[in-house]
Amino acid sequence: MDLATYVPSAFMGLMKNASELITFAYDVPFARAVVFGVHIGGHLFVEGLLLVVIIFLLSQKSYKPPKRPLTTKEIDELCDEWVPESLIPPVIEEMKKEVPVLSSAAGPYTIINGKEVINFASANYLGLMSHEELLDSCTSSLEKYGVGSCGPRQFYGTIGVHWGIQNGLYLSRSTIVYFKHNDMQSLQSTLVKVTQDNKRAKKLRRYIVVEANSGQIAPLDEIIQLKEKYKFCVLLDESNSFGVLGKSGRGLTEHYDVPVDKIDIITAAMGHALASEGGFCTGSHRVVDHQRLSSSGYVFSASLPPYLASAAIASIGVIEENPQLITKLRDNSKLLSTGLLGIKGLELANDIMSPLVFLRLKKSTGSLKSDLQLLEDLADRVLKEHSVFVTTSKRSFVDKCNLPVGIRIYVSAAHTESDLQKACESLKSVAASLFTD
């Protein structure tokens, strides 16, 4: 008998023996017993036997420790073989670059490497950095409350906080769907898709997140119409519009004359127009109560130092008493944006009213890394050759928005007309030498 014939025959014989064993189990006398009036058939006997086997297997330990302890030599060998995972990402070549170090306050002018430069890298929109009233307010708070407020708000009281939008979305573990930047048709089609594809959509908390980091102004009036049509909530970040847009600087809602109660959650950083640090989050009583009880900022992080909150409050008072600061900022923003028109190799991506001027490449090199390196070379030369400090845009590792990299220029109401003209001339001069037709 050859192997090809023997294997099927052996398999069939095994199956026959198994079938006879099961038939025997069905036919044995005690397999057809009556227990408490219940007829116990052969199949129940087999199933009961299998259940006992399963319980026995589950009760066994999956790992049996060695009967003897490890010797010192074995422990040392295991320790030598173990390679711990790094707590931080590896340092790559791009991280070794020396960054400019400021040795003075980040006002409209600052000191870098012992030389005074015009500072367009800090969002000091209204020029309130080192303002006398803010300094007096900080001093009073330091004398009264000390430097820090120790710990979580639930233990030591409450002071406002700002959590980065992208990091907040990442921490929320929500399903995140992106639409094209400032494209209302893309937003509408996204809302339709989310609503139709999810049967539980009406029972979920659904938010349209509106933020700005490239100087463009979001069409808030259109967003509110879509919000009400598709029954979504709106989370609006006013970090670059609070103290900037609107007649009195109240932000995007005032700019578009949208009632503030139509916005469910408003957040803003206090490190821009208010020349402080931290941030705030506001909304309806229901939203605020939920944040106080559940948000990670309240539960885990240390509270904002009181002097920073005091400085922000003082800044609001200065803005209300000096509305001309907002007008001056708007004029400076327009002057710089119009002065940069026609710059070689770059184009303006921002709204002309925005104090965040954003220059992006007209033509990409084909690589994000190469694009960023080209822009960094431009920023470095403008600083070293012309004493004008600008910065390139950066991305968080959790930032999934596919916005292009570019040069960010923060305009301040404290900048003079000659400062703005020098910035335009310097950027155009370096760009002309870097970019070819």
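Quick notes on this structure:
- Couplings 3J(HN,Hα) of the range 97-113, computed from phi: 5, 7, 9, x, 10, 7, 10, 7, 4, 8, x, x, 10, 8, 9, 10, 6 Hz, in residue order, whole Hz [Karplus 6.51 cos²θ - 1.76 cosθ + 1.60, θ = phi - 60°; x for Gly and Pro].
- The stretch between Leu50 and Asp197 holds 48.5 nm of extra length on full extension. This uses 0.36 nm per residue minus the Cα-Cα distance.
- The range 77-117: relative contact order as a whole-number percent, Cα under 8 Å and 6+ apart: 22
- Accessible area per residue was computed with a 1.4 Å probe on protein heavy atoms; Asp80 scores about 130 Å².
- Other-chain or far-sequence residues with amide H under 5 Å of Val209's (modelled H): Leu235
- Exposure rank, largest accessible area first [Met184, Met129; 1.4 Å]: Met129, Met184
- Rolling a 1.4 Å probe over the protein heavy atoms leaves Phe358 with an accessible area of roughly 10 Å².
- The 1.4 Å probe gives accessible areas that order His386, His285, largest first, as His285, His386.
- Under 5 Å, built H, 5+ apart or other chain: amide partners of Ala414: Gly127
- Proximity of backbone amide H atoms, modeled 1.01 Å from N, is registered between Thr110 and Val117, Asn119 at under 5 Å, excluding neighbours fewer than 5 places apart on the same chain.
- Across the cross-link table entries Lys115/Lys328; Lys394/Lys422; Lys229/Lys363, which are compared at the Cα atoms, the separations over 30 Å belong to Lys229/Lys363.
The values are calculated or read from the model by the stated rules, or taken from the named source; none is laboratory data. None of these values were measured; they are calculated from a predicted model. In case anyone asks, the SASA skips ligands and DNA or RNA and just uses the protein heavy atoms, side chains included. Shrake-Rupley method; radii C 1.70, N 1.55, O 1.52, S 1.80 Å.
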